[in-house]
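Colleague: One structure follows; several queries about it will come next.
What follows draws every value from the coordinates through simple rules; no lab data is involved. What you see is a predicted model, and the numbers here were worked out from it, not measured in a lab. Reconstructed Cβ throughout: ideal geometry from the backbone, glycine too, with neighbour counts over all protein chains shown.
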Ligand code: CP
Ligand code: NVA
């Protein structure tokens with residue numbers, strides 16, 4: 001029987017906090033959970049969720065994953081806890097980690113997440129920051145592997161804002177050796193530090209391409225991926241970003257340039273007729289809801305390894 005590798009006391013703050021072999025192992029465990037071939041119990045273990053931003057998928061998939069493992073969750077947000085009145089992270093982290101066995105945190109700055117990890121006596125998981133969304137990337141590559149069986153010769157084109165979701169796709173993709181093309185408007189390119197880290201990991205750094213041309217980027221792609229144009233916390237930039245991203249909508253025309261068997265991914269939530277058309281989102285090529293489902297199995301696998 002497949003056994004979870006031990007990631008005890010390991011944080012998962014970035015896609016780079018686990019190795020290529022560990023990613024493959026987590027994806028195998030996730031598939032076993034999905035196929036009902038694996039039953040692991042972490043009775044009485046508690047996952048603490050601390051979410052400074054809204055969430056449907058991440059929150060619920062973590063809650064259900066933990067419950068499937070026989071454990072339980074507590075869910076804090078700024079309105080119902082002392083976080084909103086400004087209790088320092090170092091105090092919240094020290095207290096929460098005395099109650100819980102692992103923490104999953106969604107916040108704005110990556111440095112705040114790191115501060116939690118510094119003061120927490122238990123492992124901390126990134127449930128999304130402005131910089132990264134590594135749990136999302138695990139489910140994304142699980143969905144890609146289900147479709148194409150491995151990552152060799154897979155071309156993933158991301159069309160949208162070069163921020164958190166794109167960053168984790170890049171970093172996890174670099175570890176897996178996936179060809180990644182990012183197409184974003186000028187000024188919305190991924191963070192240079194992320195690009196440089198990824199290029200150091202790739203055996204062939206030409207596998208990562210950043211462009212401002214969606215049509216070029218999508219030629220022959222096997223996976224076409226998008227995310228919202230305005231992320232949480234950028235609500236006041238919506239009008240400007242809606243203008244800047246004109247020409248970056250995934251529609252039928254753009255999809256006709258991709259490989260004929262290409263699939264479409266979106267981390268959700270989606271704004272139909274902005275980053276993706278209704279027609280494309282609901283098309284046969286979409287694996288968007290399989291991808292959302294896989295969040296639960298990928299996180300169940302991650303938690304199993306961290307709690308082992
Ligand atoms: N994709 C994702 O993280 O969705 P939520 O914001 O609903 O958690
Ligand atoms: N880039 C988006 C992802 C949501 C899952 C955001 O940060 O709001």
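Colleague: Please verify whether residue 152 is under 20 Å from residue 259 (Cα atoms) and surrounded by fewer than 22 Cβ atoms within 10 Å (Cβ to Cβ), treating the condition exactly as stated.
Modeller: The answer is yes for residue 152.
Colleague: How many of the residues making up the range 165-193 are within 23 Å of residue 244 (Cβ to Cβ), under 17 Å from the mean Cα position of the chain (by Cα) and surrounded by 24 or more Cβ atoms within 10 Å (Cβ to Cβ)?
Modeller: Count: 8.
Colleague: For the range 156-241, give me every one of the helices (runs of 4 or more DSSP H) that falls completely inside it and has 1 or more residues that are within 16 Å of ligand 2 (Cβ to nearest atom).
Modeller: Hits in the range 156-241: 164-176, 192-201.
Colleague: Which condition number does residue 258 fail, the rest of (1) out of contact with any strand residue (DSSP E or B) (no Cβ under 8 Å at 6 or more places or on another chain); (2) crowded, with 19+ Cβ neighbours inside 10 Å being met?
Modeller: Here residue 258 meets the rest and fails (1).
Colleague: Another question, if that's okay. May I ask you to list the residues in the range 266-298 that are touching a strand residue (DSSP E or B) at 6+ places or on another chain (Cβ under 7 Å), crowded, with 23+ Cβ neighbours inside 10 Å and not in a helix (DSSP H, G or I)?
Modeller: 266, 276
Colleague: Can you tell me which of 127, 139 is in contact with a strand residue (DSSP E or B) (Cβ under 8 Å, 6 or more places away or on another chain), within 16 Å of ligand 2 (Cβ to nearest atom), in contact (Cβ under 8 Å) with a residue 24 or more places away in the chain and closer than 27 Å to residue 193 by Cβ?
Modeller: Of the residues listed, the single one that is in contact with a strand residue (DSSP E or B) (Cβ under 8 Å, 6 or more places away or on another chain), within 16 Å of ligand 2 (Cβ to nearest atom), in contact (Cβ under 8 Å) with a residue 24 or more places away in the chain and closer than 27 Å to residue 193 by Cβ is 127.
Colleague: If you don't mind, there's one more thing I want to ask. Taking residue 132 as the residue in question, decide whether it is within 23 Å of residue 234 (Cα to Cα), away from ligand 2 (no atom under 16 Å from the Cβ) and either assigned to a strand (DSSP E or B) or under 18 Å from the mean Cα position of the chain (by Cα) (or both).
Modeller: Spelling it out, it is not the case that residue 132 is within 23 Å of residue 234 (Cα to Cα), away from ligand 2 (no atom under 16 Å from the Cβ) and either assigned to a strand (DSSP E or B) or under 18 Å from the mean Cα position of the chain (by Cα) (or both).
Okay, residues lined up against (1) surrounded by fewer than 22 Cβ atoms within 10 Å (Cβ to Cβ); (2) within 16 Å of ligand 1 (Cβ to nearest atom):
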residue: 43; (1), (2): yes, no
residue: 48; (1), (2): no, no
residue: 65; (1), (2): no, yes
residue: 75; (1), (2): yes, yes
residue: 89; (1), (2): yes, no
residue: 112; (1), (2): yes, no
residue: 115; (1), (2): yes, no
residue: 128; (1), (2): no, yes
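Colleague: I've got another one for you. Do you know which of the residues in the range 11-25 that are in a helix (DSSP H, G or I) and more than 14 Å from the chain's Cα centre (by Cα) is surrounded by the most Cβ atoms within 10 Å (Cβ to Cβ)?
Modeller: Here the residue is 25.
Colleague: Moving on. Please enumerate the residues belonging to the range 62-86 that are outside any helix (DSSP H, G or I) and touching a helix residue (DSSP H, G or I) at 6+ places or on another chain (Cβ under 9 Å).
Modeller: 69, 71, 72, 73, 74, 75, 76, 81, 82, 83
Colleague: Kindly indicate whether any position in the range 88-95 is without any contact (Cβ under 8 Å) to a residue 12 or more places away in the chain, in a loop (DSSP other than H, G, I, E, B) and farther than 18 Å from residue 172 by Cβ.
Modeller: For the range 88-95, residues without any contact (Cβ under 8 Å) to a residue 12 or more places away in the chain, in a loop (DSSP other than H, G, I, E, B) and farther than 18 Å from residue 172 by Cβ: present.
Colleague: Of all residues in the range 265-304, which are more than 16 Å from ligand 2 (Cβ to nearest atom) and under 21 Å from the mean Cα position of the chain (by Cα)?
Modeller: Result: 285, 286, 287, 290, 297, 300, 301, 302, 303, 304.
Colleague: A further question follows. Does residue 260 count as part of a helix (DSSP H, G or I), out of contact with any helix residue (DSSP H, G or I) (no Cβ under 7 Å at 6 or more places or on another chain) and more than 25 Å from residue 12 (Cα to Cα)?
Modeller: no
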